[in-house]
1. If only one of E339, E344, E317, E293 is over 23 Å from E456 (Cα atoms), modelled with pLDDT under 95 and loosely packed, with under 14 Cβ neighbours inside 10 Å, which one is it?
2. May I ask you to say which residue of L88, L60, L93, L78 is aliphatic (A, V, I, L, M), within 14 Å of the ligand (Cβ to nearest atom) and open to solvent by less than 70 Å² (accessible area, probe 1.4 Å)?
3. Filter the stretch 1-18 down to residues that are open to solvent by 10 Å² or more (accessible area, probe 1.4 Å), within 10 Å of the ligand (Cβ to nearest atom), farther than 21 Å from L270 by Cα and not polar (S, T, N, Q), then give me how many there are.
4. Does the stretch 34-44 contain any residue that is crowded, with 20+ Cβ neighbours inside 10 Å, within 14 Å of the ligand (Cβ to nearest atom), more than 17 Å from M267 (Cα to Cα) and modelled with pLDDT under 95?
5. Test E150 against the stated conditions and say whether it is within 18 Å of V188 (Cα to Cα) and either surrounded by 17 or more Cβ atoms within 10 Å (Cβ to Cβ) or modelled with pLDDT of 95 or more (or both).
6. When the residues of the stretch 126-147 are filtered to those that are of a type in the set (G, A, S) and surrounded by 16 or more Cβ atoms within 10 Å (Cβ to Cβ), which remaining residue is farthest from V200 (Cα to Cα)?
7. Quick one: in the stretch 161-184, of everything that is within 16 Å of the ligand (Cβ to nearest atom) and open to solvent by 20 Å² or more (accessible area, probe 1.4 Å), which residue is nearest to the chain's Cα centre (by Cα)?
8. Return the residues of the stretch 352-382 that are in contact (Cβ under 8 Å) with a residue 60 or more places away in the chain, in a helix (DSSP H, G or I) and β-branched (V, I, T); say none if nothing qualifies.
Amino acid sequence: MVRVRFAPSPTGYLHVGALRTALFNWLFARHHQGTFVLRIEDTDVARSSEQMSRSILEALRWVGLDWDEGPIYQSQRLELYRQAARKLVEKGLAYYCFCTPEEIEARRQKTQAQGQHWKYDRRCLKLTESQKEDFRKRGVPAAIRFLVPEGTTQYEDLVHGLISVDNQNLEDFVLLRSDGYPTYHLSVVVDDIDTRITHVIRGDDHISNTPKQILLYQAFGSPVPRFGHLPLILGPDRKKLSKRHGDTSVLHFRDRGYLPLAFFNFMAQLSWSPGQEEKVYSIEEMIREFSLERISKGSPVFDLAKLEWLNSKLINEMPLEELITQLQPWLEKRKLWSESLWREKKSWLEKLVQLIRSRSRTLVDLVEMVAPFICDEVKYEPEAVEKYLTDSRLDVILPRLKEDFAAVSQFTAPELERVLRERAEKEGIKAALLIHGLRVLLLGKAVSPGIFEVIELMGREKTLIRMDNLFLARKSLESKDKNENN
Ligand code: GLU
């Protein structure tokens, strides 16, 4: 039975690197009908926060990752780690260390000054019982160090193949600090044993930790799980992905208007390919196709263009109802959603979203495009006004076109087009002058889907009102001029 876990440290927001780890564990668990355990590694009291834990859970839920057990908080299990460390001391597999950081630092410097490589010199391993007693009487706090055995430690990494380390290269690492807090190695192994984890799938940055942890499993007499380390994610410049490449927190992508499924696809396809490149997979398909063997060793590049592509593809392909459900909270936030909008104008909204979705890459784009159809006011982009609304012929012809529009019996795209083209011909101007002008007057900007569909959906009332806005729209040029002169 497969049992995996995701074990974030709540010292910051959930970032994309950690999310990919969560995602692969989750897919692996679901593929094998196994168990996905969530554990919050919050033993670093100074750097962890509850707020971060909450935001990590929020991010996981947004992407659609649910957990079967947990969240287990390590901060609530400190006694368990202490007992485990003491048990190893009793078995002679670990020992108390009374060295202070300053003493260790002094010896390290001395060793290195002699050109030698430093690792903990086992001074406290050689202490007699009475020397230890003496330290205790003086109240010197003790850490517990693991006694690294001789030999080599090796394992078959699920991604990288055989990895082997000479134990001579490992120092007797600390299990329990002198303040009673466990180190990462101790708590992670105690918990993975306790929750019977079968596969540890995590980032490459943990490769060097694994041999130490395998030694710990052996010391505890527990079966060693399989390990798989996922390659580091790179930025477009092929350097380790970091804040320099922009905000990499998961919720940032939610707030930018990406759909959870598009984001899921994008993240899953960093290091793994379900088969076809040009497709948005459903969660069920990804679960079915997922296998650790297909994870590539090379570092994937975090390419936002791919995310955008997936997102707009999904926006265009998903059922309209579902898209509107996703859009609703966004419209609510912008105060563009009302119960009556949904009750009375459902089919109008559906037609509108259908018309504009092909031009939207994100939910933010969609909201921006819906806004002028619902709001009373239009925000005029000065560049658009300058380009299409400064021709003085419009001052005369627009009022006439307005009368034409007021008089059409059917306010439909074909009728509106007919009337507009007739007007252009009568006036001896190109229809484009009116088409571009109307677009800016109605929407405030220079690009939109087919203008006649736009006018039809805008409706007669709003359209006629906005056709009077020439003066108002041109006023936006004043602020532009002002900005340019400053
Ligand atoms: N808490 C560790 C981290 O956030 C993960 C530990 C593990 O997966 O073993 O990097």
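1. After ruling out the rest, the residue left standing is E293.
2. On the way: L88 fails: within 14 Å of the ligand (Cβ to nearest atom); L93 fails: within 14 Å of the ligand (Cβ to nearest atom); L78 fails: within 14 Å of the ligand (Cβ to nearest atom).
Step by step, each of L88, L60, L93, L78 is checked, and only L60 is aliphatic (A, V, I, L, M), within 14 Å of the ligand (Cβ to nearest atom) and open to solvent by less than 70 Å² (accessible area, probe 1.4 Å).
3. 1
4. yes
5. Working: within 18 Å of V188 (Cα to Cα): no; either surrounded by 17 or more Cβ atoms within 10 Å (Cβ to Cβ) or modelled with pLDDT of 95 or more (or both): yes.
Here the answer is no, as E150 does not meet what is asked.
6. Among residues in the stretch 126-147 that are of a type in the set (G, A, S) and surrounded by 16 or more Cβ atoms within 10 Å (Cβ to Cβ), the one farthest from V200 (Cα to Cα) is A142.
7. To start, the set of residues in the stretch 161-184 that are within 16 Å of the ligand (Cβ to nearest atom) comprises 163, 173, 175, 181-184.
Next, from what is left, pick out any that are open to solvent by 20 Å² or more (accessible area, probe 1.4 Å): 163, 181, 184.
On the way: I163: 31, Y181: 31, Y184: 25 Å.
Restricting to residues being within 16 Å of the ligand (Cβ to nearest atom) and open to solvent by 20 Å² or more (accessible area, probe 1.4 Å), the top hit is Y184.
8. Once the filter is applied, which keeps residues that are in contact (Cβ under 8 Å) with a residue 60 or more places away in the chain, in a helix (DSSP H, G or I) and β-branched (V, I, T), the stretch 352-382 yields I356, V364, V367.
The values are calculated or read from the model by the stated rules, or taken from the named source; none is laboratory data. Remember, predicted model here, so these are calculated numbers, not experimental data. In this analysis, Cβ positions are derived from the backbone assuming ideal geometry, glycine residues included, and neighbour counts consider all displayed protein chains. For accessibility, only protein heavy atoms count, side chains too; no ligands or nucleic acids. Shrake-Rupley method; radii C 1.70, N 1.55, O 1.52, S 1.80 Å.
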